[in-house]
1. Go through A:Arg433, A:Arg468, A:Arg429 for me and flag whichever is among the charged types (D, E, K, R), crowded, with 23+ Cβ neighbours inside 10 Å and assigned by TED's automatic domain parsing to the domain that holds A:Val365.
2. Would you please name the residue that is nearest to A:Asp132 (Cα to Cα), looking only at residues in region B:58-89 that are more than 9 Å from chain A (Cβ to nearest Cβ) and among the hydrophobic types (A, V, I, L, M, F, W, C)?
3. How many residues are surrounded by fewer than 21 Cβ atoms within 10 Å (Cβ to Cβ) and within 13 Å of the chain's Cα centre (by Cα) if we restrict to region A:471-527?
4. So in region B:120-144, with the set limited to residues that are within 11 Å of chain A (Cβ to nearest Cβ) and in contact with a strand residue (DSSP E or B) (Cβ under 8 Å, 6 or more places away or on another chain), which one is farthest from B:Arg40 (Cα to Cα)?
5. Kindly evaluate A:Ser521 against the criterion of being over 22 Å from A:Gly319 (Cβ atoms) and touching a helix residue (DSSP H, G or I) at 6+ places or on another chain (Cβ under 9 Å).
6. Is at least one residue of region A:151-164 closer than 30 Å to A:Arg37 by Cα, assigned to a loop (DSSP other than H, G, I, E, B), out of contact with any strand residue (DSSP E or B) (no Cβ under 9 Å at 6 or more places or on another chain) and more than 14 Å from chain B (Cβ to nearest Cβ)?
7. Take the residues of region A:173-209 that are touching a His at 6+ places or on another chain (Cβ under 8 Å) and at pLDDT below 90: which is surrounded by the fewest Cβ atoms within 10 Å (Cβ to Cβ)?
8. So which residues in region A:85-108 are touching a residue at least 40 places away in the same chain (Cβ under 8 Å), not in a loop (DSSP other than H, G, I, E, B) and not hydrophobic (A, V, I, L, M, F, W, C)?
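The values are calculated or read from the model by the stated rules, or taken from the named source; none is laboratory data. Not measured: the values here are computed from a predicted model. With ideal geometry, Cβ positions are generated from the backbone for all residues, glycine too; neighbour counts draw on all protein chains shown.
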Amino acid sequence: MSILKDAITASLGREVRFIEDYQCPASVVYCFVPRERFVDAAKAMKKAYALLAAEWATDETPFGRGYGIFACYRWGSEYLIVNTEAPIDNPVFPSLTKKFLPAYRFERQIQSLMGVTPLNHPDTRPWIKFEDWPKEAWPMRKSFDGSKLMPREDGDYLWIKAEGEGVYEIPVGPVHAGIIEPGHFRFQAVGEEILNLEERLGYVHKGIEKRFEKLSWEEGFRLAGRVSGDTTVAHSLAYCIALESMTGCQPPDRAHWLRALFLERERIANHLGDIGAICNDAAFAFMLYQMMRLKEMLLRINHRLFGHRFIMDKVIPGGVAVDIDPQGKKEIAAEMNRLSKDFEQLVTIYEENPSLEDRVRDTGVLSPEKAREICAVGIVARSSGLNLDCRIFNPFPPYDQYDRLELDVPVMISGDVHARTMVRIQEIRESIRIIQWILENLPDGTAASPINPPEADKAGFAAVEGWRGEIIYWLQSGPKGEVNRCMVRDPSSINWLGLEQAIPGNIVPDFPLCNKSFNQSYSGHDL
Amino acid sequence: MIRILRQIFRTGIVTEPLPPDEATEVMEIGTRLEETVRKRFRGSLAIRQVDAGSCNGCELEIHAINNPIYNCERFGVHFTASPRFADMLLVTGPVSRNMEVALKRTYVATPSPKLVIAVGDCGCNGGIFGETYASLGGIDKVISVDAFIPGCPPTPVALLNGILRTVEGKRPETDRK
């Protein structure tokens, strides 16, 4: 019983081939369609109200095949992966961009890094691959030697232009004014009003996906934990769950619960920092310092109890690397009470400050229609009317105990900076409650199970709700059981499009405020 | 407004409610740092932070030394928006190929004499990202570096300590992994 499976069967009939025993976990439907029906499959998905979660390519020459093209769709708690193939001597595939907007950047990235061309794509400029890379350098191909630096070539990036009386351009970055990651933004403006924002990302491309292929399965979680440092728990967790699904490893219950504990602590820490930073960008520095204080207290307890301020490298394949003792439980319970009290007082101040309200309301609006169109995920989606949360729709224990946990997912429809702040505030409250509940009900047992390497020619999948939103990992083992591909999809890969959509019509001085309210990861996007 | 004032008074000065050993450590480092900054930088050390390709973990900790608990500004250390005003560059890595040019330009834009510190394991030697088609490895592969602060990411205390040792002229190069 699967709505997406039925929809694609109804549309493509016998041309769609469902493949069993390849994709893990079995709940993820996996099918193959002929290349010329790839867009028809997307149409069927669109008709079924599915959203595009990710699109990627693999080099399958080690299997004696060409390039694999994959599109992953999501509807409620269902995931469906559509696979097609492009032969080596004709590396092209039909573009999905006109059906699903997020394919716009996924496909530019496929073209740039794998050298497989999306046909009928409206924008052929490279993405992440800069103009000074050699034209024939496609690092994700197996034939590419990833260990050597590439020579630099001449070339120009063709920016979108605006013309007319009084139109001017503001280039910003890659090195920004604050302590943040690098990226380039180009504004066209008239007076203070922004006509268009064009993002250019890729500055922190470190070749992470290629690097995964050089590491063993056991080492991969450490690299995953460094895809985006602020989301280290959720990323290594997604990697581990995908790997465990391929090997049939069942982590003990206690490990699952501790993972949830770490995940919620990461969510609180980042949301606290974001709420403070949003207020700071609206010239309300008081809140930044108050929130930073609460965040620092949380990080210190992380350090004392779990050995790392961000709990990095503590989620490992098969379980977790640290456990908690009764004393630690008491400490966290007391900490949560303190935090909750302080936090509520600050929320009242946020809500009762009219000059702050004036800045955050109706600023940087991402309308629900647009959010759906770009298939937004995470806090950005929930602030624009989309009820998406992997903790509900794709849960691991303890989130699957719906009747006991009664997780409340906040959804707002105004899509402005205020909505994104309120969603964070509400999520902190929920996370505090979840942590207290976990501490009271934490099952006994060990913290990790042994794990074997996966068999040859298998694929693993995981979707985890990090603090920014849904993180997807898709792993593929090669003919000898080695890592053939590790696809990482950070929420930023999609939500950066949302920022571009939310900015036009705002004034230039509000950009930092809008950007902060999205707070997407550069590193997670650029990989 | 009254709530804001109440919150401010109730919070008090949070700088330094640390466990005794940690508190002494931060104060010790801070006092020496303040002294050196006063002597060598006329009381104010301006730092420009450059992310040359990091995973943003190091940025979180550099942010943290600005929070009210570490509050590096009380020691005369502050972060500036432009490299033109900076005495020191705090660079996190590894240097990605796509940031190499921007990093070099930032370095040139910083007036001499200047100090450069490579922050984090990746800034020191490329860390887990290594040296690949897209990553050049440590910061010293691209610009000259005076000191290294290892750690993944280095804690706020390690950062303050590293900055102190660098301005004192003790180059903690032996710390390099």
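1. On the way: A:Arg433 fails: crowded, with 23+ Cβ neighbours inside 10 Å; A:Arg429 fails: crowded, with 23+ Cβ neighbours inside 10 Å.
Going through A:Arg433, A:Arg468, A:Arg429 in turn, the sole match is A:Arg468.
2. The selected residue is B:Leu89.
3. So the answer is 0.
4. The extreme case among them is B:Ala134.
5. Here the answer is yes, as A:Ser521 does meet what is asked.
6. no
7. Restricting attention to region A:173-209, the residues satisfying the condition of being touching a His at 6+ places or on another chain (Cβ under 8 Å) are A:173-174, A:179, A:182-183, A:199-201, A:203.
Add one more test, that the residue is at pLDDT below 90, and what stays is A:173, A:179.
Values: A:Gly173: 19, A:Ile179: 22.
Filtering first and then ranking leaves A:Gly173.
8. A:Glu85, A:Pro94, A:Tyr104, A:Arg105, A:Glu107
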